[in-house]
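Participant: This is the structure I want to talk about, given as structure tokens.
The values are calculated or read from the model by the stated rules, or taken from the named source; none is laboratory data. As the structure is a computational prediction, the values presented were derived from the model and not from experiment. Here the Cβ is made from the backbone with ideal geometry for all residues, glycine too, and neighbour counts use every protein chain on show.
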């Protein structure tokens, strides 16, 4: 079973920046990190005119693109339901930790990211899977630990402790 920690919050809270910094910090410590990003909008990693784009447009359900440096498998849902987070996690290569951005209503433990300049709903205290908050300012009376959103070292140490990460063996 993969160790998983989520990073959740509302638009413009700083989720992607925090995930990026956590990945950099944890990989620099020798951990093997993977990420899953939930997109609420349509996206495409392919471009019109590319061979793989043409394969998909011709009707291929899956197209794999492999190079010397990376590979991607694109799966066209064609009206089917998107896979569950658990299903996606099961397809990932084993690693020390998966950081999930989004999926705020899923059941894995999460760090709520807050931009206190925006009037977003509060998740910590309302959602028992929120185990910490990363904010750009002071929060009084929080039911979970609060970290400065830019204190990546402290957040990473919390994640290591909370998920019981050992020194990387990957």
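Participant: Keeping to region 25-51, report how many residues are in contact with a strand residue (DSSP E or B) (Cβ under 9 Å, 6 or more places away or on another chain), more than 22 Å from residue 83 (Cα to Cα) and surrounded by 11 or more Cβ atoms within 10 Å (Cβ to Cβ). Break it down stepwise before answering.
Facilitator: Kept after step one, since they are in contact with a strand residue (DSSP E or B) (Cβ under 9 Å, 6 or more places away or on another chain), are these residues of region 25-51: 26-27, 31-38, 44-46, 50-51.
Within this subset, residues satisfying the condition of being more than 22 Å from residue 83 (Cα to Cα) are 26-27, 31-32, 50-51.
Adding the requirement that they be surrounded by 11 or more Cβ atoms within 10 Å (Cβ to Cβ) leaves 26-27, 31-32, 50.
Of the residues in region 25-51, 5 are in contact with a strand residue (DSSP E or B) (Cβ under 9 Å, 6 or more places away or on another chain), more than 22 Å from residue 83 (Cα to Cα) and surrounded by 11 or more Cβ atoms within 10 Å (Cβ to Cβ).
Participant: Of all residues being out of contact with any strand residue (DSSP E or B) (no Cβ under 9 Å at 6 or more places or on another chain) and modelled with pLDDT of 90 or more in region 79-90, which is surrounded by the fewest Cβ atoms within 10 Å (Cβ to Cβ)? Just the residue, please.
Facilitator: The qualifying residue surrounded by the fewest Cβ atoms within 10 Å (Cβ to Cβ) is 81.
Participant: Still on this structure, I have one more. Given region 1-116, what helices (runs of 4 or more DSSP H) lie entirely inside it while holding 2 or more residues that are within 19 Å of residue 160 (Cβ to Cβ) and in contact with a helix residue (DSSP H, G or I) (Cβ under 7 Å, 6 or more places away or on another chain)?
Facilitator: 15-28
Participant: Can you report the number of residues in region 117-137 which are farther than 12 Å from residue 149 by Cβ and in contact with a strand residue (DSSP E or B) (Cβ under 9 Å, 6 or more places away or on another chain)?
Facilitator: 8
Participant: How about region 142-157: which of its residues are assigned to a loop (DSSP other than H, G, I, E, B) and within 14 Å of residue 13 (Cβ to Cβ)?
Facilitator: Within region 142-157, 149, 150 meet the criteria.
Participant: Looking at 105, 78, which is the one that is without any contact (Cβ under 8 Å) to a residue 40 or more places away in the chain and on the phi > 0 side of the Ramachandran plot? First the steps, then the outcome.
Facilitator: Working: 105 fails: on the phi > 0 side of the Ramachandran plot.
None of the other options fit; the residue is 78.
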